[in-house]
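Okay, so here's the structure we're looking at.
The values are calculated or read from the model by the stated rules, or taken from the named source; none is laboratory data. As the structure is a computational prediction, the values presented were derived from the model and not from experiment. FYI the Cβ positions are ideal-geometry reconstructions off the backbone, even for glycines, and counts take in every protein chain you see. Heavy atoms of the whole protein, side chains included, go into the accessibility calculation; ligands, DNA and RNA do not. Shrake-Rupley method; radii C 1.70, N 1.55, O 1.52, S 1.80 Å.
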Amino acid sequence: MTIELKKLDKIYKSADGSSVHAVDNVSLSIPSNKIFGIIGKSGAGKSTLVRLISLLEKTDSGMVLYDGKRVDSLEGKELIQQRRQIGMIFQNFNLFSSRNAEQNIAYPLEICGVPK
């Protein structure tokens with residue numbers, strides 16, 4: 001799946017009225033079947049960018065496209081279905097200590113109702 005970002009922006013506003021432009025006019029293309037890393041200094045907006053790509057957050061402006069289809073404006077069941085097509089590894093991931101490696105990997109499939 002090719003992922004395209006077009007002029008993405010994400011601004012967070014604090015209670016005191018100030019704002020942080022976490023993602024500022026980002027455009028890029030991630031080719032299908034490639035591993036893509038995002039690196040940068042602490043506070044540069046890497047995690048926010050990944051959350052926008054994975055549809056865990058909404059953009060303030062711009063577009064996210066998967067194989068040419070706009071996905072950042074999806075809602076409800078369509079959004080959930082699209083999220084299930086995305087694989088990502090968070091910087092700090094959590095595993096269930098009561099499960100072995102195989103069981104931890106199987107957990108998301110179990111909650112989606114995928115048969116063994």
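At a glance:
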| quantity | calculated |
| --- | --- |
| Test result for K6, surrounded by 15 or more Cβ atoms within 10 Å (Cβ to Cβ) and of a type in the set (K, R) | yes |
| Subset of segment 66-98 (residues that are under 12 Å from the mean Cα position of the chain (by Cα), over 19 Å from C112 (Cα atoms) and not aromatic (F, W, Y)) | V71, D72 |
| Subset tally (residues that are open to solvent by less than 70 Å² (accessible area, probe 1.4 Å) and either assigned to a strand (DSSP E or B) or closer than 16 Å to E57 by Cα (or both)) for segment 9-18 | 3 |
